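S.K.: Questions regarding the structure given below will be posed in turn.
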Amino acid sequence: MNVDRLMSDLEKKHQGEVEYLQAVREVVESIEEAYNDNPQYISANIIDRLVEPDRVFTFKVPWVDDEGNVHVNIGWRVQYNNAIGPYKGGIRFHPSVNLSSLKFLGFEQIFKNSLTTLPMGGGKGGSDFNPKGRSANEMMRFCHSFMLELWKHLGPETDVPAGDIGVGAREVGFMYGMYKKLAGEHTGVFTGKGLNWGGSLIRPEATGFGTVYFAKEMLATRGETLEGKTVAVSGFGNVSWGAVRKATELGAKVVTLSGPDGYIYDPEGISGKKIDYMLELRASNQDIVKPFSYEFEGIEFHEGKRPWERKVDIALPCAIQNELNAEDAKNLTDNGCICVSEGANMPCTPEAVEIFQKAGLLYGPGKAANAGGVATSGLEMTQNSMKLAWSREEVDTKLHDIMCNIHAQCVKHGTRDDGYIDYVKGANVAGFIKVANAMLDMGVL
Ligand code: NDP
Ligand code: 2IT
């Protein structure tokens, strides 16, 4: 593999697909050595077969709002790679969604799912629909319309979606309900389901919990813990909520949350009722984090700013891709931050990652650090297949073990001669090898 040649071919073929090209470059740069050391990968041309999705479905999603106006959005499902298991990955509803962002997410998902040790391939889907300000009835109509087209491509052994930005338990309910009606069967075709109809305990908090478990493992390599540490979290959605809960439980103080409108700073630490309020605010589809500052005393709101300007020990970006740039990374490192664990997918720009790694920070990339969400989806699929439900403790213990295992895989494949652990390389190489070897076993497909 020649990275420059590969990337320039892809840039020509997929012009303007910025996020997709960014995600591919990060992976191929870090697996180049492992790839070129194995003549079997080269002769089977694994890399050219891996960077293109198996297929992409694009469809129209017409729906009617509460005033009777008819709207049309675009829906996509990217089925990327199913070498090690059925396509698996979330559905995102956000105005920024396009083919490039879904290809980036689906590509990342291949390696993330491989790292979980569970049998799941990679996929992603979504729509450019904006849930902001939409009523529950509008959400239902949109989700039903989305599924009218998508359902025929799904199946418990074929393709199993879940939530992502803008898609939580309520939306999964609407989509699953329509799938069930059309397919005429009640199967584990979605994860993140409600507890009464096949969902798993711990799935809602799993991504955030996993991100903190991963940070805990990284800190342990330097004899550190979360106890007494100050933490900046971004976003105020599902992943942020889980991260704040677990970080607080492990003795850290979370001082920020953020939204597209700015960030809030709470010198006392976000705990107790403030954590519950995150759910309330998120469910209101308001799109802003500011209301925290008038709901609770002593919380400051900083309009148009990002939390990374604060002096913290640990940063947990949990909102959206490319939300932490080089300037933010410099602020964090200059202010003594020692650890960054990504709850979101690709929240740090490549320039930011370079700054973290050069400064010797513990930096856990999303495909390792946020794999707890999809890992627990895998555990939900297992429970559905067995027609059994595990206890909260059982699921949490398994999640914790999986995060420790992912950390160990990163250490194995990412430790440099000077002892620094390059978690990006470790995660990419470990995730890649399993998928590539499965592809070799099956011939050219
Ligand atoms: P949610 O929709 O629940 O939350 C996303 C949060 O980020 C919202 O609070 C959103 O606010 C906020 N946000 C959006 N844009 C910005 C911005 N520019 N600056 C600051 N905040 C912003 O999604 P999730 O919590 O599920 O997902 C968050 C991230 O975690 C995504 O990158 C997702 O891919 C990733 N992830 C999610 C997993 C899951 O299981 N849900 C698993 C693994 C990763 P608003 O909606 O008001 O715009
Ligand atoms: O990015 C992700 O890993 C998710 N949104 C979760 C995917 C899943 O299938 O649980």
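The values are calculated or read from the model by the stated rules, or taken from the named source; none is laboratory data. Remember, predicted model here, so these are calculated numbers, not experimental data. Cβ coordinates were reconstructed from backbone atoms using ideal geometry, including for glycine residues, and neighbour counts include every protein chain displayed. Note: areas computed on protein heavy atoms with side chains; ligands, DNA, RNA excluded. Shrake-Rupley method; radii C 1.70, N 1.55, O 1.52, S 1.80 Å.
S.K.: Trypsin sites (Lys or Arg not before Pro) within segment 182-270: which are DSSP loop residues with at most 14 other Cβ atoms inside 10 Å? Before the final figure, lay out the partial values.
M.R.: Numbers: sites: Lys193, Lys216, Arg222, Lys229, Arg245, Lys246, Lys253; in loops: Lys193, Arg222, Lys229.
The qualifying sites are Arg222.
S.K.: 7 Å from Cα along Cα→Cβ at both Asp66 and Gln22: what's the point-to-point distance in nm?
M.R.: 3.5
S.K.: Which of rounded, prolate or oblate describes segment 283-433 when judged by the alpha-carbon gyration tensor and an a/c cut-off of 1.5?
M.R.: Taking the square roots of the gyration eigenvalues as a ≥ b ≥ c, segment 283-433 is oblate.
S.K.: Sticking with this structure for a sec: How about Lys181: which lysines have a C-alpha closer than 17 Å to its C-alpha, ignoring those fewer than 8 places off in the same chain?
M.R.: Reachable lysines: Lys152, Lys193.
S.K.: Please give the per residue accessible area of segment 235-336, computed with a probe of 1.4 Å over protein heavy atoms only, in Å².
M.R.: For segment 235-336, the per-residue accessible area is 44 Å².
S.K.: Given the DSSP H assignment, sum -39500 (n - 2.57) over each helix run of at least 4 residues in the chain and divide by its residue total; what's the result at 222 nm in deg cm²/dmol, nearest 500? Show your work: numbers first, answer last.
M.R.: On the way: 17 runs with 215 residues, N = 445.
It comes out at -15000 deg cm²/dmol, rounded to the nearest 500.
S.K.: Give me the net charge of Val254's neighbourhood, meaning all other residues with Cβ under 15 Å from the Cβ of Val254; Lys, Arg count +1, Asp, Glu -1.
M.R.: Charge balance in the 15 Å sphere: +1.
S.K.: Restricting things to Cα coordinates, could you compute the convex hull volume per residue of segment 220-342 in Å³?
M.R.: Each residue corresponds to 99 Å³ of Cα convex hull volume.
S.K.: Let me ask something else. Bin all alpha-carbon pair distances of the chain at 10 Å intervals from 0 and give each bin's fraction as a whole percent.
M.R.: Bins of 10 Å from zero give 4, 22, 33, 27, 12, 1, 0 percent of pairs.
S.K.: Right, next: Given points 7 Å out from each Cα along the Cα-Cβ axis, report the Trp197 to Lys12 separation in nanometres with one decimal.
M.R.: 5.0
S.K.: Nothing charged except the Cβ atoms of Lys and Arg (+1) and of Asp and Glu (-1): what's the magnitude of the dipole of the chain about its Cα centre? Round to the nearest 20 debye.
M.R.: Dipole about the Cα centre, nearest 20: 960 debye.
S.K.: Could you work out the equivalent-ellipsoid semi-axes for segment 323-412, taking the square root of 5 times each eigenvalue of the Cα gyration tensor, largest first, in whole Å? Walk me through the numbers before you get to the answer.
M.R.: Numbers: eigenvalues 217, 31, 21 Å².
Computed over segment 323-412, the values are 33, 12, 10 Å.
S.K.: Filter the cross-link list Lys367/Lys412; Lys216/Lys273; Lys124/Lys434; Lys112/Lys434; Lys103/Lys425 down to pairs whose alpha-carbon distance in this structure exceeds 23 Å.
M.R.: Lys216/Lys273
S.K.: Along the Cα→Cβ direction, 7 angstrom out, place labels at Thr117 and Asn137. What is the inter-label distance in nm?
M.R.: If labels sit at Thr117 and Asn137, their model points lie 5.0 nm apart.
S.K.: Top mean-square fluctuation among Leu281, Leu316, Leu379, Gaussian network model of the chain, C-alpha springs under 10 Å?
M.R.: Judging by the Gaussian network model, the answer is Leu281.
S.K.: For a Förster distance of 45 Å, can you work out the FRET efficiency between the beta-carbons of Ser96 and Asp418, rounded to the nearest 0.05? Mind showing how you got there, number by number?
M.R.: Numbers: r = 39 Å, r/R0 = 0.86.
Approximately 0.70, to the nearest 0.05.
S.K.: Can you give me the Cα centroid spacing of segment 103-129 and segment 212-261 in angstrom?
M.R.: 24
S.K.: If I take every Cα pair under 8 Å that is 6 or more residues apart in segment 220-318, average their sequence separation and divide by the length, what percent do I get for the relative contact order?
M.R.: Taking the mean separation of contacting Cα pairs over the length of segment 220-318, I get 36 percent.
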